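The values are calculated or read from the model by the stated rules, or taken from the named source; none is laboratory data. It should be emphasised that the depicted structure is a prediction, and the values quoted were computed from it without experimental measurement. Cβ: placed from backbone, ideal geometry, glycine included. Neighbour counts: every protein chain shown. Ligands, DNA and RNA are excluded from the accessible area calculation, which covers all protein heavy atoms including side chains. Shrake-Rupley method; radii C 1.70, N 1.55, O 1.52, S 1.80 Å.
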Amino acid sequence: MSGLELFADEIDGHLMAAIVRKGVLDDLYIDAAPGTPCTWASLYQGKVIKIDTKLDAAIIDLGDGLKGILPAKHVHRAGADESESRSGISSLLKNGQLVLVQVKAEGKRFTAHENEKLPRLTMKLYVQGLFLTYSPSSSQVTISRKVEKEEILALTAKLKGKGGWIVRHHIERASPAEIEFEAAALQEQWKKIIAVKETLGDKPGLLKAGPDAVVRALTDYGAMNFEHIYAGNKQILDSIMEWCAVHLPALSTSKRLRLFKPEKGASRLFDIHDIYAALESLKESCVELDAGATLVIEPTSAVTFVDINQGSADSIAAANQSAALEVARQCRLRALSGAILIDFINMEQKTERARLLETLEKLFEPDLADAQVHGFTRLGIIELTRRRRAASLAEKLAK
């Protein structure tokens, strides 16, 4: 039993998907307010409006007054050799050129302390599924290192010559029929995207919006891995079943997928496992740990600081190990990205420092944001980086 459950509901105008592991909120997916443009993985037909050689990037008009930035390293043209990827932006694109792009990282809005940051774009396009990801701009088949079944490897070998593919580790739980069904469905989705492109002519505009919070949770964790999936209302349930029809038809008729019905003691879906209380705690900077220590999270425009205080904890080593576990969890829940500096309680023994680093590396190894633990600085602070994909929880909840 995985102990994983998915709870999906609309809270204060935001679609949320809460991942609960053995009764504890472990991850959170949240959509920005409805109508928010340039969400992660959205596909656009864009037009180059500026070549910036200093940034080695192009500014792209996405239509409807929206803009994005396309770095030279993310320019991709079918049939181009590797040397082209090392060329400057001025030799790759020109003003007025139409390009198909996808949002690689959501932008940041203007604040009193920070200028607006445009969404980062890529020309390496992907249509993501549950078992497979289709890349029409590529011809390579990439297989997850976690895939070991010979019959799966033999089946995915047949995908060669049919575009680019990423074979995800969830595929080990799929039948040959499910794999072939999804491969065909993803190619059909791409045909529909191209059809939308044809209607735009030479105008920039949206081709396909990125996946919502629930779909991101289903694909990242693997829909088949959840013991139960609860939908807070009929609209969300219908949306999940629509996704299942393309990617996992068997789930749509499974008892694991349920529409929440209010019961005594739980009038709302997020009352279960005190998800509401857990969400409220994410608005606070201080997190209390079981060992008696506390963890303080202070985001800034350039870096996120995390400070561990011993408090009433008797053992420094135990408090630091407990804090490491919670740091990994808070990074997921708050969608922290960029540079993260963690000041653990001072350790005198080198063996304790090494053990703590090893713990962090294991905790972040499966991290979907490609977290990298860089070690201790001279001041004894651990450096960590996480790749930005979507906006942080604080950004999405900001009025």
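Evaluation of T253 against the conditions (1) on the phi > 0 side of the Ramachandran plot; (2) open to solvent by 40 Å² or more (accessible area, probe 1.4 Å) shows that the sole unmet condition is (1). Selection of first residues in the stretch 31-44 that are under 20 Å from I193 (Cα atoms) and of second residues that are of a type in the set (F, W, Y), restricted to Cβ pairs under 8 Å at least 6 apart or on distinct chains, gives the following pairs, ordered by first then second residue: A41/Y126.
Only residues that are surrounded by fewer than 19 Cβ atoms within 10 Å (Cβ to Cβ), small (G, A, S) and in a strand (DSSP E or B) were counted across the stretch 39-78, and they come to 1. Among the residues of the stretch 373-381, none qualifies, meaning not one is of a type in the set (K, R) and under 21 Å from the mean Cα position of the chain (by Cα). Being part of a helix (DSSP H, G or I) and open to solvent by less than 50 Å² (accessible area, probe 1.4 Å) is the filter here; which residues of the stretch 353-394 pass it? Within the stretch 353-394, L356, L357, T359, L360, L363, F364, L393 qualify.
Mind listing just one residue for me: the one in the stretch 112-126 that is open to solvent by 80 Å² or more (accessible area, probe 1.4 Å) and not charged (D, E, K, R) and, of those, modelled with the highest pLDDT? Among those residues, the one meeting the criterion is Y126. Contact map, the stretch 85-108: residues that are among the polar types (S, T, N, Q) paired with residues that are in a strand (DSSP E or B), Cβ distance under 6 Å, separation 6+ or inter-chain. Pairs shown: S90/I51; N95/V48; Q97/V48; Q102/L43; Q102/T122. Please go through the stretch 303-341 and pick out each residue that is over 17 Å from E365 (Cβ atoms), within 25 Å of the chain's Cα centre (by Cα), among the β-branched types (V, I, T) and buried (at least 21 other Cβ atoms within 10 Å of the Cβ). Result: T304, V306. Beta carbons closer than 9 Å, at least 6 apart along the sequence or on distinct chains, pair a first residue in the stretch 259-279 that is modelled with pLDDT under 85 with a second that is of a type in the set (K, R) for P262/R268. Inclusion of L341 among residues that are in a strand (DSSP E or B), hydrophobic (A, V, I, L, M, F, W, C) and out of contact with any Gly (no Cβ under 6 Å at 6 or more places or on another chain) is warranted.
Filtering the stretch 283-294 to residues that are open to solvent by less than 30 Å² (accessible area, probe 1.4 Å) and at pLDDT below 95 leaves L289, G292, A293. Pairing each residue of the stretch 158-185 that is charged (D, E, K, R) and open to solvent by 60 Å² or more (accessible area, probe 1.4 Å) with any residue that is in a helix (DSSP H, G or I) and modelled with pLDDT of 90 or more, provided the two are 6+ apart or on different chains, yields C-beta distances under 7 Å for R173/M224.
Here is a yes/no grid of residues against (1) touching an Asp or Glu at 6+ places or on another chain (Cβ under 7 Å); (2) closer than 24 Å to D26 by Cα:
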| position | (1), (2) |
| --- | --- |
| I297 | no, yes |
| R332 | yes, yes |
| Q349 | no, no |
| E361 | no, yes |
| E365 | no, yes |
| L368 | yes, yes |
| V373 | yes, yes |
| R378 | no, no |
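Residues in the stretch 205-231 that are in contact with a Leu (Cβ under 8 Å, 6 or more places away or on another chain), surrounded by 15 or more Cβ atoms within 10 Å (Cβ to Cβ) and outside any loop (DSSP other than H, G, I, E, B): 16 in all. Checking each residue in the stretch 120-165 for being more than 15 Å from E188 (Cα to Cα), touching a helix residue (DSSP H, G or I) at 6+ places or on another chain (Cβ under 7 Å), in a strand (DSSP E or B) and not hydrophobic (A, V, I, L, M, F, W, C) picks out only T122.
Screening R388 on (1) modelled with pLDDT of 95 or more; (2) within 24 Å of A278 (Cα to Cα); (3) basic (K, R) shows it passes everything except condition (1).
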